[in-house]
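The values are calculated or read from the model by the stated rules, or taken from the named source; none is laboratory data. For clarity, every value in this text was computed on a predicted model and none was experimentally measured. Neighbour counts are summed over all protein chains in view; Cβ atoms, including those assigned to glycine, are modelled from backbone coordinates with ideal geometry. Keep in mind that these areas ignore ligands, DNA and RNA; they rest on the heavy atoms of the full protein, side chains included. Shrake-Rupley method; radii C 1.70, N 1.55, O 1.52, S 1.80 Å.
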Amino acid sequence: MTLFRGTFLDTPDNPFTGGSLRVATDAALVVQDGVIVARGPFAEIRAAHPAEHIVDLSDGLVLPGFVDTHVHFPQIRAVGGMGMPLLEWLDKYALPEEARMADAAYASSVADEFVRGLAAAGTTSALVFGAHYASAVDTLFAAASRVGLRITSGLVVSDRIIRDDLLTTPQRAYDESLALASRWHGVGRNRYAVTPRFSLSCTDELLASCQTVLEEIPGALFTSHLNENEAEIATVAELFAGSDYVSTYERHGLVDHRSVFAHNVHPTDVELKLLGQSGATVAHCPTSNAVLGSGLFPLGRHLDHGVRVALGSDVGAGTGFSLLKEGLQAYFCQQLLGDHGHALSSAHLLHLATSAGAEALGLSDVGDLSVGKRFDAQLLRPVEGSPLAVGIEHAADAEDTLARVFTLGTPADIRAVWIDGQLLDDSSGKV
């Protein structure tokens with residue numbers, strides 16, 4: 001067993017439904033075999049466990065590991081593409097990078113950059129849009145396994161409209177997806193996600209194949225894009241005889257508690273009702289929405305319909321892996337909506353970046369630092385004299401401190417990351 005001593009912040013009770021930020025100052029968590037088995041004031045915990053090793057984190061803040069619900073593995077080198085909306089951005093920046101995943105050496109180097117980037121940003125679990133090539137998805141799972149991240153990912157499939165070298169067929173998609181799942185699903189911390197790119201690039205036959213794969217892999221998730229851009233939405237309606245976007249998935253049994261849809265910036269009330277009733281989650285990707293000019297996310301309407309919402313970085317339209325900046329941008333978005341926005345506190349932001357994501361991904365044993373949860377955590381410790389350090393020093397209370405963390409924090413302030421109580425190798429040099 002190990003005792004972790006420090007100040008711990010988390011949101012075991014949902015702030016959107018009356019919960020608040022939980023703060024434990026000079027506290028200790030007892031971790032055994034990766035699981036938190038006790039927590040309380042340090043003096044009491046130490047008296048009960050006088051001989052156990054102590055990891056003293058008192059000079060920083062300990063948060064749960066972040067959970068990213070939407071991020072693209074092949075697009076890390078596409079970050080920074082500016083000046084165009086979604087469909088044009090895909091053609092110029094994203095899809096050429098996606099095509100380069102056919103090169104095994106290129107895919108391997110990107111996979112290493114990708115998993116290191118997630119870990120350095122304090123992200124311990126992620127729902128990852130994989131690649132259009134099965135060999136590249138293998139590379140991603142292998143890289144994640146070496147670092148130790150909890151990754152849910154899969155083969156990205158399309159059979160129309162986008163560039164020819166990224167297209168597949170319903171049968172090939174089925175065969176390759178099941179083969180990948182047989183190699184990786186449930187192996188270590190890896191899980192499989194059925195991943196059509198978006199219904200714009202998928203025929204009904206391919207979406208039906210996706211549903212078959214989803215049902216044949218117990219415990220798999222489903223993820224895709226939804227209502228991101230008005231031109232995209234109009235094209236989907238043309239392709240599906242006037243259908244709304246959610247119904248293109250729902251008609252194939254792809255909308256339920258296993259489903260995570262990215263964006264949903266422009267939903268109808270009918271679509272929100274269906275998403276809320278099904279238990280699906282929307283991955284809110286605020287920096288990507290801003291970069292591509294997609295729009296301001298209607299969080300309040302989602303909450304009014306009971307739709308679950310979590311955060312996604314959406315690299316590469318998103319501006320990096322840090323869910324701190326995504327939380328801050330989510331706050332900006334609601335402020336800009338004025339009377340139509342939903343007021344967000346720092347506790348809401350932490351919940352969206354941790355517990356909400358864990359719930360979306362079906363990871364019931366992570367997301368906060370309660371007894372019985374696995375110790376997925378990060379130590380945030382800014383450099384002395386930095387704007388964040390000064391801000392924390394003068395914060396009025398813990399929620400104010402956390403607000404300053406979301407406002408000023410970057411991956412450079414994250415000094416260590418643990419998964420299952422084990423220090424990740426890529427963070428060990430920071431402690």
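Here are some residues: E113, E97, E88. Which one is assigned by TED's automatic domain parsing to the domain that holds S177, open to solvent by less than 20 Å² (accessible area, probe 1.4 Å) and out of contact with any strand residue (DSSP E or B) (no Cβ under 6 Å at 6 or more places or on another chain)? Among E113, E97, E88, only E97 is assigned by TED's automatic domain parsing to the domain that holds S177, open to solvent by less than 20 Å² (accessible area, probe 1.4 Å) and out of contact with any strand residue (DSSP E or B) (no Cβ under 6 Å at 6 or more places or on another chain). Tally up the residues in region 174-216 that are under 26 Å from N227 (Cα atoms) and surrounded by fewer than 19 Cβ atoms within 10 Å (Cβ to Cβ), please. The qualifying residues number 7. Right, T195: assigned to a loop (DSSP other than H, G, I, E, B), more than 30 Å from G421 (Cβ to Cβ), touching a strand residue (DSSP E or B) at 6+ places or on another chain (Cβ under 6 Å) and in contact (Cβ under 8 Å) with a residue 24 or more places away in the chain or not? Criteria not met by T195. Considering only region 235-247, I want to know if a residue exists there that is buried (at least 24 other Cβ atoms within 10 Å of the Cβ), among the aliphatic types (A, V, I, L, M) and outside any strand (DSSP E or B). For region 235-247, residues buried (at least 24 other Cβ atoms within 10 Å of the Cβ), among the aliphatic types (A, V, I, L, M) and outside any strand (DSSP E or B): present. When restricted to residues that are in a loop (DSSP other than H, G, I, E, B), surrounded by fewer than 24 Cβ atoms within 10 Å (Cβ to Cβ) and β-branched (V, I, T), region 298-331 contains 1. Pairing each residue of region 334-351 that is assigned by TED's automatic domain parsing to the domain that holds S313 and modelled with pLDDT of 95 or more with any residue that is in a helix (DSSP H, G or I) and open to solvent by 60 Å² or more (accessible area, probe 1.4 Å), provided the two are 6+ apart or on different chains, yields C-beta distances under 8 Å for G341/Q335; L344/Y331; S345/E399; S346/E399; A347/E399; L349/Y331.
For region 168-192, a residue qualifies if it is out of contact with any His (no Cβ under 8 Å at 6 or more places or on another chain), in a loop (DSSP other than H, G, I, E, B) and within 18 Å of L206 (Cα to Cα), and exactly one does: T169.
Conditions tested, residue by residue: (1) over 30 Å from V194 (Cβ atoms); (2) exposed (fewer than 14 other Cβ atoms within 10 Å of the Cβ); (3) without any contact (Cβ under 8 Å) to a residue 12 or more places away in the chain.
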position	(1), (2), (3)
V23	yes, no, no
L29	yes, no, no
P41	yes, yes, no
I45	yes, no, no
L57	yes, no, no
L61	yes, no, no
D68	no, no, no
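Touching a strand residue (DSSP E or B) at 6+ places or on another chain (Cβ under 7 Å), under 30 Å from A220 (Cβ atoms), of a type in the set (A, V, I, L, M) and at pLDDT 95 or above: does that describe L380? No. Among the residues of region 45-89, those that are of a type in the set (A, V, I, L, M) and within 24 Å of K373 (Cα to Cα) comprise I45, A47, A48, A51, I54, V55, L57, L61, V62, L63, V67. Of the residues that make up region 101-110, is at least one within 29 Å of E359 (Cα to Cα), among the acidic types (D, E) and surrounded by fewer than 24 Cβ atoms within 10 Å (Cβ to Cβ)? No, the conditions are met nowhere in region 101-110. Against the test of being within 30 Å of L90 (Cβ to Cβ) and within 16 Å of the chain's Cα centre (by Cα), the options L336, L323 yield a single qualifying residue, L323.
Tell me whether region 149-161 contains one or more residues that are open to solvent by 10 Å² or more (accessible area, probe 1.4 Å), farther than 27 Å from G122 by Cα and either in contact with a strand residue (DSSP E or B) (Cβ under 6 Å, 6 or more places away or on another chain) or assigned to a strand (DSSP E or B) (or both). So far as region 149-161 goes, no, none of its residues is open to solvent by 10 Å² or more (accessible area, probe 1.4 Å), farther than 27 Å from G122 by Cα and either in contact with a strand residue (DSSP E or B) (Cβ under 6 Å, 6 or more places away or on another chain) or assigned to a strand (DSSP E or B) (or both). For region 1-21, which positions are hydrophobic (A, V, I, L, M, F, W, C), open to solvent by 10 Å² or more (accessible area, probe 1.4 Å) and in contact with a strand residue (DSSP E or B) (Cβ under 8 Å, 6 or more places away or on another chain)? The answer is M1, L21. In the set (1) in contact with a Phe, Trp or Tyr (Cβ under 9 Å, 6 or more places away or on another chain); (2) closer than 17 Å to V137 by Cβ, the condition left unmet by A179 is number (1).
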